[in-house]
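The values are calculated or read from the model by the stated rules, or taken from the named source; none is laboratory data. Keep in mind that what you see is a predicted model, and the values were worked out from it rather than measured. Note: ideal-geometry Cβ built from the backbone for every residue, glycine included; neighbour counts use all protein chains shown.
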Amino acid sequence: MDLHAHCGRIGRRSLLIGAGAMAGLTAFRPTLLRAAGGNYEAMLLSCMDPRMQEPVRDYLAKRGLTGKYSQFTFAGAAIGVVAPKFSDWHKTFWDNLAASIQLHNLKSVIAIDHRDCGAAKIAYGDKKVATPDLETEIHRAALAEFRKESTKRHPKLAVETMLMALDGSVVTL
């Protein structure tokens with residue numbers, strides 16, 4: 001028998017094995033079969049800092065949001081959306097949020113800024129974030145502006161704003 005002809009045919013047994021494997025995968029990862037559109041809980045706005053990827057994911061998992069949110073990640077999180085230094089980025093975020101709302105019927109947007117953020121230093125200068133209190137106030141102001149703008153653009157969307165420490169602990173601002 002020609003090897004190429006044999007490899008190109010899919011028998012009933014192969015189909016059943018493949019279907020069983022897919023069923024097994026989706027039993028553990030039901031989001032594999034979820035449609036691109038649909039009803040999701042939230043859109044996450046977070047920073048691109050590699051140190052924060054796992055703590056943010058872990059925080060959302062503890063809240064039961066795994067597979068229930070879309071994500072937008074760029075430098076500074078809310079700071080990247082509101083700081084004048086990053087004004088060229090603002091439209092990109094707001095357009096993406098609008099598309100996510102349309103596609104995913106989102107109920108909320110969750111913005112998580114973090115401590116020791118390089119983008120905060122770029123946007124506002126090292127002196128403005130030189131102490132934990134100053135740093136908190138910079139994030140508080142950026143997150144308040146983010147909340148205000150989100151509410152203005154999408155009044156039905158709940159907005160959560162928080163600041164995460166490098167250890168993964170979170171405070172709502």
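Between 137, 149, the distinction of being over 25 Å from residue 57 (Cβ atoms), in contact (Cβ under 8 Å) with a residue 40 or more places away in the chain and acidic (Asp, Glu) belongs to 149 only. Pairing each residue of region 55-83 that is assigned by TED's automatic domain parsing to the domain that holds residue 144 with any residue that is assigned to a helix (DSSP H, G or I) and among the charged types (D, E, K, R), provided the two are 6+ apart or on different chains, yields C-beta distances under 8 Å for 78/145; 81/149; 82/145; 82/149.
Of the residues making up region 91-109, those that are touching a strand residue (DSSP E or B) at 6+ places or on another chain (Cβ under 9 Å) and either outside any helix (DSSP H, G or I) or on the phi > 0 side of the Ramachandran plot (or both) are 106, 107, 108, 109. Taking region 46-58 as the range and being of a type outside the set (Asp, Glu) and either over 20 Å from residue 79 (Cα atoms) or buried (at least 21 other Cβ atoms within 10 Å of the Cβ) (or both) as the test, the residues that pass are 46, 47, 52, 56. For region 61-79, state whether one or more residues are crowded, with 18+ Cβ neighbours inside 10 Å, under 20 Å from residue 40 (Cα atoms) and touching a Leu at 6+ places or on another chain (Cβ under 6 Å). Checked against the condition, which is being crowded, with 18+ Cβ neighbours inside 10 Å, under 20 Å from residue 40 (Cα atoms) and touching a Leu at 6+ places or on another chain (Cβ under 6 Å), region 61-79 yields at least one hit.
When region 110-158 is filtered for residues that are surrounded by 18 or more Cβ atoms within 10 Å (Cβ to Cβ), not in a helix (DSSP H, G or I) and not charged (D, E, K, R), the ones remaining, listed by number, are 110, 111, 112, 114, 117.
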